[in-house]
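Structure first, then comments.
Please treat every number below as a calculation from the coordinates, not as lab data. It should be emphasised that the depicted structure is a prediction, and the values quoted were computed from it without experimental measurement. Neighbour counts run over all protein chains shown; Cβ positions are idealised from the backbone, glycine included.
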């Protein structure tokens, strides 16, 4: 498994937590940051998946 996939998954979890905290506390900025982190995590995960595919894993 590529390190980008691991980082991407961690980023998605962080984003989910931030988004939930933002919703719970009514903090739109934190909620938006969480959504952005989730998108960034998905992108990293996809890049890692492509690298794995190229390597044949």
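If each residue of separation counts as 0.36 nm, what is the full-extension length gain between residue 21 and residue 46 once their alpha-carbon separation is subtracted?
6.4 nm
For the chain, report the % of Cα-Cα distances exceeding 17 Å.
In whole percent, the long-distance tail amounts to 41.
How far is helix 3-25 tilted off the main Cα axis of the chain, in degrees rounded to 10, range 0 to 90?
Between helix and principal axis, roughly 10 degrees.
Starting from the Cα of residue 39, move 7 Å in the Cα-to-Cβ direction to define the label point; list residues of segment 1-33 whose amide nitrogen is under 13 Å from there.
Those under the cut-off are 32-33.
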